[in-house]
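Working notes, structure below.
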Amino acid sequence: MEIRQLQQGDEKRLERFLRPRTDSSMFLRATLHRAGLVNRGERYAGDYVGAFRGRSLVGVVAHFNQGNLAPQAPLAVLPELVPAMLQASGRDVEGAVGPADQVGAVLETLGKVARRRKLDELEGLYTLDLAVLRVPSMLRAQRIAVRPIEESDRQLLVPWFDAYGVETLGDSPGAERTRRSQARFDTMLAEERGFLLLRDGERVAFSGFNAVLPDAVQVGGVYTPPCERRKGFARGVVAGSLLAARKRGAQRAILFTDDDNVAAIRAYRALGFEREGDFRLTLLG
């Protein structure tokens, strides 16, 4: 087996490997689609090392510039891929994200480096064929509409993103949290990845895509303010965003959610999502 860093010219080979594994490879595919294999230092770029048997790519690990490792490889290959990846990137590891069993193998390979963890989340991986999306009846009501976010939504959504970060991600409120929320809004607006549900013109729920590909989207960051919860608005705004994605050509949607988030799971299942596996995010520190 050959282990080497992927270079310009390997894009099609990597895409062919990842595409059948889209459900657990959205971060890898989206980063490849956005930045390619040449790491020019962009926030979403990274370095890639692949394992080959003959001419066939059989596994890959990426080291994104944010510091996270992202594997998509057989477990037996990871003990060779991870050290090769670290040698190629020359950067410290700040975490790992991917299929739960593969992240476990990455952490085991890292050894002592991975023992101190500031976050270790196991979430269910849910998938949906958009051809069978079940559209909530509320979207047929004249008083309900779903639209892409606009610049005029900034003053509302930045505090919503702050609240989501504190409530869901365990972030501390403050200037740094707000800076990240501003950056998230800028990205969502520029890349047309954010949507609002309006009731009689009032903005009552948000849904966004963490990753967008021509054939698939990853739902993330769904938020409804506390006073508007348990009214079906989260399900409605997710459905509206998926209808927009389907219209643009996407055929599949994925998302991750915690097993304790019973209300969210119920809403996603109502749209047709089914659990396919486990996904893990570990942040070191």
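Here, each number is a calculation from the coordinates, and none is a lab measurement. Everything numeric here is computed off the predicted structure, so don't read it as measured data. Reconstructed Cβ throughout: ideal geometry from the backbone, glycine too, with neighbour counts over all protein chains shown.
Rounded, prolate or oblate, given the Cα gyration tensor of the range 127-279, with a/c below 1.5 counting as rounded? Verdict is rounded for the range 127-279.
One quarter of the convex hull surface, Cα atoms only: what value does that give for the chain in nm²? Walk me through the intermediate numbers first.
Details: hull surface 59.8 nm².
With the hull built on Cα positions only, its mean projection is 14.9 nm².
Report the GluC sites (Glu not before Pro) located in the range 210-285 that are in a DSSP loop and have at most 14 other Cβ atoms inside 10 Å of their Cβ, or state none. Could you put the intermediate results ahead of the total?
Values: sites: Glu228, Glu274, Glu276; in loops: none.
Nothing satisfies the criteria.
The length gained on full extension between Lys118 and Glu15, counted as 0.36 nm times the residue separation minus their Cα-Cα distance, comes to 33.9 nm.
Electrostatic tally near Gly272: other residues with Cβ closer than 14 Å to its Cβ, Lys and Arg +1, Asp and Glu -1, net +4. Using a Cα-Cα cut-off of under 29 Å, which lysines could be cross-linked to Lys231, ignoring same-chain neighbours fewer than 8 residues away? Straight-line reach from Lys231, under 29 Å: Lys247. Extent of the range 2-115 along its three principal axes (Cα atoms, max minus min coordinate, largest first): 36, 30, 26 Å. Spacing of the modelled spin labels on Glu151 and Gln5, each 7 Å from Cα toward Cβ, amounts to 4.0 nm. Magnitude of the charge dipole for the chain, about its Cα centre and with charges confined to Cβ atoms of Lys, Arg (+1) and Asp, Glu (-1), is about 580 debye.
Express as a percent, rounded to the nearest 5, the fraction of DSSP beta bridges in the chain (both residues included) that run antiparallel.
Details: 53 of 58 bridges.
Antiparallel bridges: around 90 percent, rounded to the nearest 5.
Suppose R0 equals 30 Å; then what is the FRET efficiency for Gln66 and Asp260 from their Cβ-Cβ distance, rounded to the nearest 0.05? Before the final figure, lay out the partial values.
Working: r = 26 Å, r/R0 = 0.87.
Efficiency for this residue pair is about 0.70.
Look at where the Cα atoms of the range 138-166 and of the range 225-285 average out, and the two centres are 16 Å apart.
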